[in-house]
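The values are calculated or read from the model by the stated rules, or taken from the named source; none is laboratory data. As the structure is a prediction and not an experimental result, all values here were calculated from the model. Glycine also receives a Cβ, built like all others from the backbone with ideal geometry; neighbour counts cover every protein chain displayed.
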Amino acid sequence: MHIPDGILPAQVCAAGYAIAFPVTWYSLRKINRQPDPTMGIPKAALLTATFFVASSIHIPVPPTSVHLVLNGLLGAVLGYYAFPAILIGLFFQAVIIGHGGLTTLGVDALMMGVPAILAHQVFQFRHVLSRRFNQRFSNGFCAFWAGMVGIAIASLIFFTLILTTIPSGFDVTTERSAIYGLTLAHIPLAILEGAFTTMLVLFLQRVKPELLDDPWHRSLVSHPAYNEEIERV
Amino acid sequence: MFLRHVLILHWLTRHISTAHHPSYPYPYPSPVTLQIDAYAHLDSFIHRWNPKQKLMALTALIFAFAMVETLTLVPVMFAVTVVLYALSKLPLSFLHYRLRYPGFFLLGIVLLLPWLSGDTILWQWNWLSLRSEGIFAVALITSRFLCILTVGLVLLGTMPFLTTIKAMRSFGLPHLLADMTLLTYRYLYDVAINLGTMRRAMRLRGFGYSAPSRTQRRRLALIPSGRELHLLASLTGSLFIRSYEQSEHIYKSMKLRGYGQANLRAQSVNRNQEHTVAIAANHPLPLWGDTLLLGGILAIALTIMGLSIF
């Protein structure tokens with residue numbers, strides 16, 4: 001779901017970079033407000049590499065198979081590191097396997113990164129849910145919606161961009177119907193991505209729960225164990 | 001601070017070109033073939049060009065190509081691209097490999113657009129009409145795509161990746177992004193090998209190869225198996241955990257070498273030192289050569305931009 005070079009007009013590519021710049025700045029500002037911003041860099045870098053590689057895993061859907069985008073999961077696990085991570089991941093996808101492009105990097109980053117940040121916000125809702133329900137249900141429920149939001153909004157942006165910028169010869173009504181139709185056609189994929197994200201988050205909660213901790217959550221930052229760990233490192 | 005960061009990250013990245021060569025045990029292509037700077041060791045005018053000037057000029061050229069809206073400029077675009085690729089001495093296989101994946105997306109556009117876009121019908125069979133505007137759009141999109149991809153490869157394939165990041169850093173790339181990019185590049189291939197090993201282990205245990213069981217026979221089309229999904233989620237989760245644990249070791253190693261310490265911020269380097277590091281090629285072009293290439297490419301880029309706008 002990445003737009004290659006040459007497809008979009010130069011003005012759209014420039015607008016993509018122009019919008020991606022403040023979003024990156026905002027993410028970096030959030031990261032730099034942490035007690036030690038460099039602490040999360042290796043984790044974010046390694047997980048970016050993992051997401052890049054994991055997106056090549058194909059889920060068998062008879063009679064074919066689909067590969068997952070995982071931007072919702074990236075937002076859930078990395079928080080505000082997700083946008084820079086997606087920018088870097090897309091850069092490597094463009095230069096290493098030719099998936100995406102250099103001129104469309106800004107547009108692609110917005111298309112994948114903004115839903116990832118939204119998915120992060122959705123996943124944060126688990127802290128509210130966990131007051132009423134158990135941790136497993138809260139994490140699983142929010143992970144499902146985070147995974148779904150990531151892919152659904154990315155699809156909507158992708159089809160809007162493709163159908164409105166490529167000279168398809170459709171009128172406005174047909175274009176709008178096509179955008180809604182194609183996005184709705186992606187709902188099964190969004191459900192699959194949501195289910196996969198839930199399973200993965202529950203696996204991580206069982207095996208390595210600290211991977212789901214996020215430094216932006218107030219209760220964690222004020223937690224004595226977290227501060228002790230920061231001081232120790 | 002940046003130079004110190006670069007030296008620490010260089011320590012991490014120094015094995016990248018040799019880590020997988022001699023004893024690579026897998027039957028599929030080595031990740032080395034995927035490396036963007038696999039041919040950075042070649043000797044050509046483009047390889048010896050000052051990295052900062054190369055980044056500036058070729059980026060301008062790429063955006064000039066993106067602005068092309070008429071077919072009359074397409075031959076110029078192709079001529080400049082072919083000359084640059086020939087000057088860079090990069091092998092054609094390097095380009096060919098990277099054309100495979102986006103080729104499928106492009107094929108979709110090539111197959112659909114001539115039948116959908118435009119009013120001027122060239123050929124018709126029942127409701128199916130071949131339109132000239134659609135053919136024009138396909139030619140333009142394909143040409144822009146090929147030229148931008150090739151110039152992008154010339155830009156990134158003719159210098160070590162660390163040099164590319166240093167050149168980007170001198171244009172204002174934040175250090176956090178630079179560090180993340182270098183670390184991601186360093187560990188990308190390790191993670192890919194890890195995943196390959198884990199998938200092979202899964203296959204050896206029967207995943208994906210088992211004879212059709214009762215459960216599989218009952219499977220409906222377009223409905224994924226919950227068990228398979230669960231297994232693949234566990235596979236991905238294990239990969240995350242391995243990477244996370246590795247990242248903790250890396251952070252501690254980097255910290256021991258002074259990464260991110262406040263007192264190192266005083267040891268900032270001036271622009272001249274950065275420039276010296278950036279052009280650390282063995283045989284840099286003379287100043288007139290750098291200037292000539294920069295001026296030539298910028299002139300072409302600006303001409304194309306001007307002709308596209310007016």
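Here are a few things to note about the model shown:
- Inclusion of residue A:114 among residues that are crowded, with 24+ Cβ neighbours inside 10 Å, part of a helix (DSSP H, G or I) and not aromatic (Phe, Trp, Tyr) is not warranted.
- Within the option set A:157, A:166, being over 22 Å from residue B:249 (Cα atoms) and modelled with pLDDT under 75 holds for one residue only, A:166.
- Pair list, Cβ < 6 Å and 6+ apart or interchain, from the range B:229-249 residues that are in contact (Cβ under 8 Å) with a residue 24 or more places away in the chain to residues that are hydroxyl-bearing (Ser, Thr, Tyr): B:239/A:50; B:243/A:50
- Test for residue A:93: is it touching a Gly at 6+ places or on another chain (Cβ under 9 Å) and not in a helix (DSSP H, G or I): no
This table checks each residue for (1) farther than 30 Å from residue B:61 by Cα; (2) touching a residue at least 24 places away in the same chain (Cβ under 8 Å); (3) touching an Asp or Glu at 6+ places or on another chain (Cβ under 7 Å); (4) surrounded by fewer than 19 Cβ atoms within 10 Å (Cβ to Cβ).
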{"residue": "A:36", "(1), (2), (3), (4)": "yes, yes, no, yes"}
{"residue": "A:41", "(1), (2), (3), (4)": "yes, no, yes, no"}
{"residue": "A:67", "(1), (2), (3), (4)": "yes, no, no, yes"}
{"residue": "A:70", "(1), (2), (3), (4)": "yes, yes, no, no"}
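- Subset of the range A:15-43 (residues that are of a type outside the set (Ser, Thr, Tyr) and within 8 Å of chain B (Cβ to nearest Cβ)): A:28, A:31, A:32, A:36, A:37, A:39, A:41, A:42, A:43
- Hits in the range B:168-177 - residues which are farther than 14 Å from residue A:31 by Cβ and not aromatic (Phe, Trp, Tyr): B:168, B:169, B:170, B:172, B:173
Let's see how each residue does on (1) within 13 Å of chain A (Cβ to nearest Cβ); (2) touching a residue at least 60 places away in the same chain (Cβ under 8 Å):
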| site | (1), (2) |
| --- | --- |
| B:59 | yes, yes |
| B:80 | no, yes |
| B:114 | yes, no |
| B:121 | yes, no |
| B:132 | yes, no |
| B:135 | yes, no |
| B:150 | yes, yes |
| B:153 | yes, yes |
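- Of all residues in the range B:155-204 being of a type in the set (Ser, Thr, Tyr) and at the interface with another protein chain (Cβ under 10 Å from one of its Cβ atoms), the one that is surrounded by the fewest Cβ atoms within 10 Å (Cβ to Cβ): B:189
- Those residues of the range B:258-301 which are within 14 Å of another protein chain (Cβ to nearest Cβ) and modelled with pLDDT of 85 or more, in sequence order: B:301
- For residue A:58, the conditions (1) within 9 Å of chain B (Cβ to nearest Cβ); (2) in contact (Cβ under 8 Å) with a residue 12 or more places away in the chain all hold with the exception of (2).
- Helices (runs of 4 or more DSSP H) within the range B:1-72 that include 3 or more residues modelled with pLDDT of 85 or more and over 26 Å from residue B:253 (Cβ atoms): B:45-48, B:51-66
- The single condition among (1) of a type in the set (A, V, I, L, M, F, W, C); (2) part of a loop (DSSP other than H, G, I, E, B); (3) closer than 26 Å to residue A:188 by Cα that residue A:107 does not satisfy is (2).
- Screening the range B:90-180 for helices (runs of 4 or more DSSP H) wholly inside it with 1 or more residues that are in contact with a Gly (Cβ under 6 Å, 6 or more places away or on another chain) and within 19 Å of residue B:74 (Cα to Cα) returns the ranges B:92-116, B:132-157.
- Against the conditions (1) over 30 Å from residue B:252 (Cα atoms); (2) within 12 Å of another protein chain (Cβ to nearest Cβ), residue A:69 satisfies every one except (2).
- Of all the criteria given as (1) over 18 Å from residue A:147 (Cβ atoms); (2) part of a helix (DSSP H, G or I); (3) within 11 Å of another protein chain (Cβ to nearest Cβ); (4) in contact with a Phe, Trp or Tyr (Cβ under 7 Å, 6 or more places away or on another chain), the one not satisfied by residue A:74 is (1).
- Any hit, the range B:89-102, residues being more than 12 Å from every other protein chain (Cβ to nearest Cβ) and in contact (Cβ under 8 Å) with a residue 60 or more places away in the chain: yes
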